[in-house]
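Quick notes on the structure that follows.
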Amino acid sequence: MQVPRYWREQSERYKLVGSKCNNCGLRVFPRRSLCPDCRHESQGQMEEVRFEGTGELVTWTRVHEALSDRELETPYLMGIVELDEGPRVTAQIVDLDPEEVEIGMELESRFRKLGEASESGVVHYGYKFGPVVSD
Ligand SMILES: [Zn+2]
């Protein structure tokens, strides 16, 4: 059975689905049909992978401007998280006050609904990152 395109795209947003190149082993996010390193050599060798959603904060910034079509409270935090598997993801950082944020800290993805997707902004993606909650 064919999974409807809409649901495939939804699952990609919520579950951090990317690609792994079986030619060189590089993992990329979001999903790509060609490896950025191997290019045409990776044709047909890209495999879909799901990332765990944990990683390390590489850099972050405080955003003061509201995006017109979003309901984000300002200021909010945006960061780049390097996933344990390698790829870097730009996402909103949640559940942390700016004074609590440290570069290099462990974060994990939160699959919260973002409201209507924006066509323009990075917050378009349906995930955010927050501190690791231990069970
Ligand atoms: Zn490759």
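The values are calculated or read from the model by the stated rules, or taken from the named source; none is laboratory data. These numbers come from a predicted model, not from an experiment. Here Cβ is always computed from backbone atoms with ideal geometry, including for glycine, and neighbour counts include all displayed protein chains. To get the accessible areas, we keep the full protein, side chains included, count just its heavy atoms, and leave off ligands, DNA and RNA. Shrake-Rupley method; radii C 1.70, N 1.55, O 1.52, S 1.80 Å.
Values computed for the structure shown
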quantity	calculated
Peptides ranked, highest mean first, by Cβ atoms within 10 Å: ranges 79-92, 49-62	79-92, 49-62
Kirkwood hydrodynamic radius of segment 53-108, Cα pairs, Å	11.7 Å
Normalised contact order of segment 53-108, rounded percent, pairs of Cα under 8 Å and 6 or more residues apart	43 percent
Residue-span extension gain [E48 to R88] - 0.36 nm each, minus C-alpha spacing	12.8 nm
Solvent-accessible area per residue, Å², over segment 53-108 with all protein chains present [probe radius 1.4 Å]	57 Å²
Solvent-accessible area, 1.4 Å probe, carbon plus sulfur percent, for segment 53-108	42 percent
Label-point gap, in nm, between E106 and V132 - each point 7 angstrom along Cα→Cβ	0.1 nm
